[in-house]
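K.L.:
If you scroll down you'll find the structure; I have some questions about it.
Readers should treat all values here as calculations from the given coordinates under stated rules, not as data from a laboratory. These figures come from a predicted structure and were not determined experimentally. Glycine also receives a Cβ, built like all others from the backbone with ideal geometry; neighbour counts cover every protein chain displayed.
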Amino acid sequence: MSSVYLIVFGLSQFPVGIFLDRFGARKTLAPFLIFAAAGALIYGIAHGFGALVLSRALVGIGFAGSLMAAFKAFATLLPQEKLPVAYSALSLMGGLGGMCATRPVAMAFDTIGWRPVFFLLAAGTLAYSAAIWFAVPKDGPEGGAGGTTLARMLREMLALFADKGFLCASAPAMAGQGVYFAYLFLWIGPWMYDVAAFGEASAGTFMMLAFASAAAGFFMNGVIAEWLEERGLLSWEQFYLISDIFIAVFLAVIAAMNGASAASLWSPVMFFSAMTMISFPIVRRMYAGGEVGRAFALLNFLIFLISFFIQWFIGLLLNLYPVTDGHFSPAGHSVCLYALSLLNFACCAWFAYGMKRGWLHRR
């Protein structure tokens, strides 16, 4: 049931990207959120597995465009040099939302029950859809995209798969964000129990620190990147490259230490993984105009796709080693981290090569 959300969310990036470039962020996101409101409502009244699956699918469709629509709107309405800070602030809002979805929601469940909570979420989402439609400044399509057929726009979006510049710009984000999603939302817990041999309290503490570091990274990546570029110290692209190099280095160190003493190093891993969000302003600078919505959505799709495969790959490798008393092998965890370190180093090398060849220039 849970996987339905991710599958539908990922596949919805294709129509989201096309609609963003064809109709603009406001006209795309407001109707999409109606699907999310319907999904929350159906979840609240559901009495069977089929209704729950349908609700998850609708929520996945509804929220598929939230982040990309905001990125698109900022790209249209704000000066280009302010985009990293704006995207960082947006990422911080997402982090705060994730925090509200933990203990505060659990307290609401205890107070009024889980069904009323979903009814309130449905009403709030519908109200937010109306606010976007009536309050957000109008943003039309850029670069003549408004006169292009949807079929042609889809072909142009799919053509980005063959664009060396786009793939080059996407590589560190796919690898770095893949580590973030695979570990922070799934495998960091087993690592804490299997490798560090922590109890629930210690594991929870280090996981909380990792989450906090990721939130700090999402907020600070644009601020730091803009500060460095304004002073001529590092370009956005150089900052992006160095962030992914740090991810690879820290993963290798954790793999080599392979014990409780490495637990604190997950915080810098997540911090620098979040730093790779600077990829979106970089892509915006490459695809100014009518392609940017599709470029954003496709990058988002690739991040989710690679994250899924990294999650699956870790499980596949761990299953090659014996499971003892319900714990995966520390040696298996180490091999996984070495493999991901190599992946990130390879993406860094590819990105550096693309920078040298001039693939990242504005289209």
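K.L.:
For His361, His327, His333, what ranking results if the residue with the fewest other Cβ atoms within 10 Å of its Cβ goes first?
P.N.:
The fewest-first ordering by Cβ neighbours comes to His361, His327, His333.
K.L.:
Sticking with this one: Label point 7 Å out from Thr205 along Cα-to-Cβ: which residues of segment 255-270 have amide N under 20 Å?
P.N.:
258-270
K.L.:
Okay, next question. What is the local net charge at Ala40, summed over the other residues whose Cβ is closer than 11 Å to its Cβ (Lys, Arg +1; Asp, Glu -1)?
P.N.:
+2
K.L.:
With charges set only on the Cβ (+1 for Lys and Arg, -1 for Asp and Glu), what does the dipole of the chain come to about its Cα centre, in debye to the nearest 20?
P.N.:
960 debye
K.L.:
For segment 309-320, what does the Karplus curve 6.51 cos²θ - 1.76 cosθ + 1.60, with θ = phi - 60°, yield as ³J(HN,Hα) per residue in whole Hz, taken in order and with x for Gly and Pro?
P.N.:
Once rounded to whole Hz, the list reads 5, 5, 4, 5, 5, 4, x, 4, 5, 4, 6, 7.
K.L.:
Let me ask you something else. Taking 0.36 nm per intervening residue step and subtracting the Cα-Cα distance, what contour gain separates Leu96 from Gln80 on full extension?
P.N.:
Between Leu96 and Gln80, full extension yields 3.2 nm more.
K.L.:
Would you calculate the separation in nanometres between label points at Thr324 and Thr111, each defined as 7 Å from the Cα along the Cα-to-beta-carbon direction?
P.N.:
The modelled label-to-label distance comes out at 4.8 nm.
K.L.:
On to the next question. How large is the charge dipole for segment 2-155, taken about the Cα centre, if only the Cβ atoms of Lys, Arg (+1) and Asp, Glu (-1) carry charge, to the nearest 20 debye?
P.N.:
Here segment 2-155 has a charge dipole of around 220 debye.
K.L.:
Taking every Cα atom in segment 252-350, find the radius of gyration and the maximum pairwise distance Dmax, and write them in Å.
P.N.:
16.9, 56
K.L.:
Let me ask something else. Counting alpha carbon pairs within less than 8 Å and at least 6 residues apart, what relative contact order, in whole percent, applies to the chain?
P.N.:
Relative contact order of the chain: 26 percent.
K.L.:
Can you give the extra length, in nm with one decimal, that the chain gains between Lys356 and Leu316 once fully stretched, where that is 0.36 nm per residue apart less the Cα-Cα distance?
P.N.:
10.8 nm
K.L.:
In the chain, with Lys and Arg counted as +1 and Asp and Glu as -1 at Cβ, which of these residues, Ala196, Ser129, Phe19, has the Cα nearest the positive end of the dipole, that is, farthest along it?
P.N.:
It is Phe19.
K.L.:
So how far apart, in nm, are the two label points at Val253 and Phe161 if each is 7 Å from Cα heading toward Cβ?
P.N.:
So the label points at Val253 and Phe161 sit 3.9 nm apart.
K.L.:
What is the percent of Cα-Cα separations in segment 158-357 that go past 20 Å?
P.N.:
55 percent
K.L.:
Here's a follow-up. Local charge sum around Val136 (other residues, Cβ-Cβ under 11 Å, Lys/Arg +1, Asp/Glu -1)?
P.N.:
After counting each charged neighbour, the total is +2.
K.L.:
Work out the charge dipole of segment 158-357 with +1 on the Cβ of Lys and Arg and -1 on the Cβ of Asp and Glu about the Cα centre, then indicate which of Phe239, Trp187, Leu318 is farthest towards its positive end.
P.N.:
Toward the positive end, the furthest listed residue is Phe239.
K.L.:
Another question about this same structure. Might you report the magnitude of the Cβ-based charge dipole of segment 158-357 about its Cα centre, with Lys and Arg at +1 and Asp and Glu at -1, to the nearest 20 debye?
P.N.:
The dipole magnitude comes to about 480 debye.
K.L.:
Please list, or write none, the aspartates and glutamates whose alpha carbon is within less than 18 Å of the alpha carbon of Lys164, excluding same-chain residues fewer than 8 places away.
P.N.:
The reachable aspartates and glutamates, counting only those whose Cα sits under 18 Å from Lys164, are Glu156, Glu237, Glu291.
K.L.:
Stokes-Einstein at 10 °C, 1.306 mPa s, Kirkwood radius from Cα pairs: D for the chain in µm² s⁻¹?
P.N.:
74 µm²/s
K.L.:
Using only alpha carbon pairs under 8 Å that are at least six residues apart, calculate the relative contact order of segment 2-155 and give it in whole percent.
P.N.:
Relative contact order comes out at 39 percent.
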